[in-house]
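The values are calculated or read from the model by the stated rules, or taken from the named source; none is laboratory data. Being a predicted model, the structure only gives us computed values, none of them experimental. Note that we place each Cβ from the backbone using ideal geometry, even for glycine, and neighbour counts take in every protein chain shown.
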Amino acid sequence: MMIAVLPGDGIGKEVTAQAVKVLQAVLLKSHAYEIREAPIGSAASEATGDRLPQSTMDLACAADAVLFGAIGVQENKQRVPGQRPSGGGGLLRLRKELNLFANFRPAYMFPELISASTLKAEVVEGLDLMIIRELNGDVYYGQPRGIEANPAGERTGFNTMRYSESEVKRIGHAAFKTARQRRKKLCSVDKANVLETSVLWREVMSQLQGEYPDVELSHLYVDTAAMELMRDPKQFDVIVTGNLFGDILSDEAAMLTGSIGMLPSASLGEGRKGLYEPVHGTAPDIAGKNLANPIASILSAAMMLRHSFDLEERAVRIEEAVRSVLRQGFRTADIFQPGAKRVSTEEMGDAIVEACRRP
């Protein structure tokens, strides 16, 4: 089994290093595996002029799974798309090339972190939901797009929101199957009162329910869904939505748990191959300071063992190690509470490695 590690920029490098340590601790010599690292993002752009060099793409295509960090640095975020380094968005191209169309973002509350959430304890205690975000369509890929100037010199920016029926069907099947394995409740989120794209989305989701009669299907407009996530998040089991809405709602759900540094994700396609990454970004304000929370990256590695390699026992060992360390009071800065043990990125990784090694 071969794992491609693409640390990327900012804290992506720091947290991914801890996830690799944890993987090595649980795999040991019991499985034949190879970990190979390659550049992506700003470091790759500076070296090759491309944020996703062909050599990195080749490695990702050859690997059985990809462990990804984060990309994007402050100076690039301040540029408009046409002024960014050549090659476009490396992560978007990677997802498209690997045909990873379903992004699974679980949000669950560790009991030890209830007080770290900005919401009342009774609202978030016992939280356990899954957001499934479509990854290969919507405004992120739709054409035409661009910025144009009229004869008077006034500029207009435009993007195209677009979904085909087949794209909606395949993410719908993934969502219904996931709900069937959980509490059999699926909420489809759209904006069908305004957008034709969402009218099609809702029609297809409603048609698919006939193939999953044991799953309760509901629909919400995205603005209502955002409000309900704050008001009563435990009403949800599985949420399925498009690329743009899913990007926003999953980050909102991350904060229910106390920190975006706690949430892993898995991007999957038709087979077992997947790309696994923390939900958070590069956090340039704390990059290089050994302050970042590596738990989201470590839990992403656990998802990788489960979904790409069918190593359920190893995945559970990592998840239990994270719970054990939190019970012991270890906290990085983002989840620190009075009375806890404040630790660095590396110290949190070391503590989880040690917990993995205990019987």
Q: Report yes if Met304 is among the hydrophobic types (A, V, I, L, M, F, W, C), touching a residue at least 12 places away in the same chain (Cβ under 8 Å) and either over 27 Å from Trp201 (Cα atoms) or not in a helix (DSSP H, G or I) (or both), otherwise no.
A: yes
Q | Qualifying position, being under 24 Å from Ala287 (Cα atoms), among the β-branched types (Val, Ile, Thr) and modelled with pLDDT of 95 or more, among Val80, Val73, Val66 | A | Val66
Q | Looking only at region 165-211, and only at residues there that are touching a helix residue (DSSP H, G or I) at 6+ places or on another chain (Cβ under 8 Å) and over 18 Å from Gly137 (Cα atoms), the one that is surrounded by the fewest Cβ atoms within 10 Å (Cβ to Cβ) | A | Glu211
Q | Close pairs from region 145-168: first among the acidic types (Asp, Glu), partner part of a strand (DSSP E or B), Cβ under 9 Å, at least 6 apart | A | Glu148/Arg155; Glu148/Thr156; Glu148/Gly157; Glu148/Phe158; Glu167/Glu134
Q: Tell me which residues, restricted to region 232-247, are surrounded by fewer than 17 Cβ atoms within 10 Å (Cβ to Cβ) and either at pLDDT below 95 or assigned to a strand (DSSP E or B) (or both).
A: none
Q.
For region 323-346, which positions are touching a Phe, Trp or Tyr at 6+ places or on another chain (Cβ under 8 Å), buried (at least 16 other Cβ atoms within 10 Å of the Cβ) and touching a residue at least 12 places away in the same chain (Cβ under 8 Å)?
A. Leu326, Val343
Q) Taking region 21-57 as the region of interest, how many residues are without any contact (Cβ under 8 Å) to a residue 40 or more places away in the chain, part of a loop (DSSP other than H, G, I, E, B) and within 19 Å of Arg306 (Cβ to Cβ)? A) 4
(Q) Between Thr178, Thr197, Thr160, which is part of a helix (DSSP H, G or I), of a type in the set (Ser, Thr, Tyr), farther than 17 Å from Asp237 by Cα and at pLDDT 95 or above? (A) Thr197
Q: Using the structure shown, decide if Leu135 is modelled with pLDDT under 90 and under 29 Å from Thr160 (Cβ atoms).
A: no
